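The structure that follows is given in the form of C-alpha cells.
Every number here is computed from the coordinates shown, using simple stated rules; none is lab data. It should be emphasised that the depicted structure is a prediction, and the values quoted were computed from it without experimental measurement. Note that each Cβ is placed from the backbone with ideal geometry, even for glycine, and that neighbours are counted across all protein chains shown.
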Amino acid sequence: MSKTRNVSLSVIKRMPRYYRFLGDLKAQGINRISSKELSNRMGLTASQIRQDFSCFGGFGQQGYGYNVTQLQQEIGSIIGLDNKQRTIIIGAGNLGKTIATHVKRELSTFEIVGIFDRKESTIGQMISGIPVRNSDTLEEFCKEVFPTVAVLCVPFDAAREICEKLSVLGIKAVLNFTHFDVALNFPEMKVENIHINDSFMTLCYKINSDGDE
C-alpha cells in the first residue's frame, strides 16, 4: 500500500479505529473479512471503507476481501507505528501517571523516556519503572536523550512556559491535555488536543437534545 499526501484529516482520524477493530478481529481468530462485514462491525458504509483505503493505494482481492493481519500491518505502517518515538511526560499527577502506564502497556511505538514534575514530593517517585525528574532538568535531559514527543499534563498557567522550552529542544509533537492553545502559539509543533471537558459537554448536549431531532 502506497502512502498518499493530502489525505483528509477525517480519513486519517479513522485509521486508528480501523487498526483497533482489525486487532480485535485477529484476537477472535478471524483471518479475512470483506468491506461489507467490516462496515457492519464499525457502523460505516462499505463504500466509505473502500474510499478510505483507496487513498493509500489498492489492496484487498475481489471475492476474497481483506487479509486481516496484512491489512492491520499496512495501516500501522501508514500511521507510522513502525517508527519509535521517544516521549516525555510533563506533569506526574494522576493524569500523567495514568498515561505513562497506558502507553507503556498499549503503545510500544511511544517509548516513555522521561517524566517531569515540579512538586518536590513527586520528584524521585517511580512511575512504570521511570523516575520522576525535576522539571528544572528538562533542558539538560532533552539535549542528552533527544525526545521528539511531549505529553502535556500541567496546569494552564504553566503550559506556555513549558512549551517555550519544548519548542527549542527538538520536540516535534505535543499531546496536549491542557486548555492552552499550543498549536496557535507554537505552530512549528504538531499538536493533538485532548479536551476532556469538551467531551463531557458534547455528551451533555447529546443527553439534553435526545428526541429533539
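Using Cα atoms only, what is the angle between the long axis of helix 196-208 and the major principal axis of the chain, expressed in degrees (0 to 90) to the nearest 10?
Helix 196-208 sits at roughly 50 degrees to that axis.
Amide H of ILE89: which non-local residues (sequence gap of 5 or more, or other chain) have their own amide H closer than 5 Å, using H built in the peptide plane?
For ILE89, whose amide H was placed from the backbone, the distant partners under 5 Å are GLY114, ILE115, PHE116, VAL151.
Still on this structure, I have one more. For VAL174, what charge total do you get from the other residues with a beta carbon under 10 Å from its beta carbon, if Lys and Arg give +1 and Asp and Glu give -1?
+1
Another question, then. Which residue, LEU138, CYS163, VAL191, has the largest displacement toward the positive end of the dipole of the chain when charges sit on each Cβ (Lys, Arg +1; Asp, Glu -1)?
Positive-most Cα among the choices belongs to VAL191.
Give the shape of the range 9-78 as rounded, prolate or oblate, defined through the alpha-carbon gyration tensor: a ≥ b ≥ c are the square roots of its eigenvalues, a/c under 1.5 means rounded, and otherwise the shape is prolate if a/b is larger than b/c and oblate if not.
Verdict is rounded for the range 9-78.
Alpha carbon centre of the range 89-119 versus the range 147-213: separation in Å?
16 Å
Continuing with this model, one more query. Could you check the simple spin-label distance between PHE200 and GLN85, using points 7 Å along Cα→Cβ, in nm with one decimal?
2.6 nm
Nothing charged except the Cβ atoms of Lys and Arg (+1) and of Asp and Glu (-1): what's the magnitude of the dipole of the range 9-78 about its Cα centre? Round to the nearest 20 debye.
That gives a dipole near 140 debye.
How do PHE21, PHE180, PHE156 line up, fewest other C-beta atoms within 10 Å first?
Least crowded to most crowded, the residues run PHE156, PHE21, PHE180.
Turning to a different aspect of this structure: Could you tell me which of rounded, prolate or oblate describes the range 113-177, using a ≥ b ≥ c as the square roots of the eigenvalues of the alpha-carbon gyration tensor, with rounded for a/c under 1.5 and, failing that, prolate when a/b is larger than b/c and oblate otherwise?
oblate
Now a separate question. Taking 8 Å as the Cα distance limit and 6 or more residues as the minimum spacing, I'd like the relative contact order of the range 85-198 as a percentage.
Reported relative contact order: 23 percent.
Quick one: dipole size for the chain, taken about the Cα centre, charges +1 on Lys/Arg Cβ and -1 on Asp/Glu Cβ, in debye to the nearest 20.
With only Lys, Arg, Asp and Glu charged at Cβ, the dipole is about 820 debye.
Here's something else I'd like to know. Each label point is 7 Å from the Cα along the Cα-to-Cβ direction; what then is the distance between the points at ILE207 and ASP157, in nm?
Inter-label distance under the simple model: 3.1 nm.
With a/c under 1.5 counting as rounded, go ahead and sort the range 85-198 into rounded, prolate or oblate using the C-alpha gyration tensor (a ≥ b ≥ c being the square roots of the eigenvalues; past the cut-off, prolate if a/b is larger than b/c, else oblate).
Rounded shape, in that the Cα axes give a/c under 1.5.
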